[in-house]
Amino acid sequence: MSTDQPRVLVVEDEPAQLEVLAYNLEAEGFVVSRARDGEEALLLIAEDAPDIIVLDWMMPNMSGIEVCRRVKSKPETRSTPVIMLSARSEEVDKVRGLETGADDYVVKPYSVIELMARVRTQLRRVRPSSLGQQLTFDDIILDGETHKVTRGTDELKLGPTEFRLLTTFMEKPGRVWSRDQLLDRVWGRDLYVDTRTVDVHIGRLRKALSQHGGDDLVRTVRGVGYALG
């Protein structure tokens, strides 16, 4: 799995709607996971948290509202954007959806173009580099489109893994990432990589960031993992 592509989970019990959504998202370059009900959605989220969730309100057994409530109640998925889809157009329903923690609310029938725009808007908030945007931290600038990194006036030479590590850190400065979380985000679930590999690449990233001088901005949090700044 390419870890640079944003990952979208679509939760929809209508097979035709599910396929239309998945097809359009994949055409936009997203990696799409599918769930037909709330329980399956929660299992997929626990296994491999997506970057964004597109979630139908009305589903059998467990409603989208309940799925959203559970996603937003867990620290590890609280910041994952949720776009709620619903045939309910009443203002009171929209308020209820947003109060449960949904980041956006789209009324059916919706325009696919509009929904794609809303997905990109939410992703811009949580994973700006996946949409080719620039990230800055301290005197470091990372350009997601050209894959260039500069520190001050110097361009830095980074390997592809170090680039993905730095991107992950710069999207959420100050956040402490465990080795397992970094493995998921940077290497992807499909690959067996030892957690010690993370330490090796962190060492390389540190060296790359300081190749022209400057402080070491990668912080080791003993017993937990790593953070930027």
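In table form, for the structure just shown:
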item	result
Antiparallel DSSP beta bridges within the stretch 130-228, percent to nearest 5	95 percent
Charge-dipole axis of the chain as Lys and Arg at +1 and Asp and Glu at -1 on Cβ define it, positive-most pick from 62, 229, 166	229
Value of relative contact order over the stretch 1-50, rounded to a whole percent, pairs C-alpha under 8 Å and six or more apart	43 percent
Cβ-based exposure ranking for 163, 169, in which fewest neighbours within 10 Å come first	163, 169
Relative contact order for the stretch 130-228, counting Cα pairs under 8 Å that sit 6 or more residues apart, in percent	25 percent
Stokes-Einstein diffusion coefficient of the stretch 130-228, Kirkwood radius over Cα pairs, 4 °C, 1.567 mPa s, in µm²/s	95 µm²/s
Computed E for residue 110/residue 39 - FRET, C-beta separation, R0 35 angstrom, nearest 0.05	0.90
Highest to lowest packing among 170-181, 31-42, scored as the average C-beta count within 10 Å	31-42, 170-181
Average projection area in nm² (convex hull over Cα atoms of the stretch 82-124, one quarter of hull surface)	2.8 nm²
Stokes-Einstein diffusion coefficient of the stretch 1-112, Kirkwood radius over Cα pairs, 10 °C, 1.306 mPa s, in µm²/s	114 µm²/s
P(r) weight above 13 Å for the stretch 181-227, C-alpha pairs, percent	61 percent
Helical mean residue ellipticity (222 nm; -39500 (n - 2.57) per DSSP H run of 4+; nearest 500) of the chain	-11500 deg cm²/dmol
Length-normalised contact order of the chain in % [C-alpha pairs under 8 Å, at least 6 apart]	14 percent
For the chain, share of DSSP beta bridges that run antiparallel, in % to the nearest 5	50 percent
Residues residue 146 and residue 117, FRET efficiency given R0 of 22 Å [Cβ-Cβ distance, rounded to 0.05]	0.35
Selection from 197, 212, 134, by position along the positive dipole direction of the stretch 130-228 (Cβ)	197
Shape box of the chain [Cα atoms, principal axes, largest first, Å]	58, 33, 29
The chain: angle of helix 64-73 to the longest principal axis, Cα-based, in degrees nearest 10	30 degrees
For the stretch 75-174, alpha-carbon Rg and Dmax in angstrom	17.8, 55
Cα-centred dipole magnitude for the chain, charges only on beta-carbon of K, R (+1) and D, E (-1), debye, nearest 20	760 debye
Chain lengthening between residue 72 and residue 207 when straightened (0.36 nm per residue, less Cα-Cα)	44.9 nm
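All of the numbers you see were taken from the coordinates with simple rules; none came from a lab. All figures in this text were calculated on a predicted structure; none of them were measured in a lab. Counting neighbours? That spans all protein chains shown, and the Cβs are built from the backbone with ideal geometry, glycine included.
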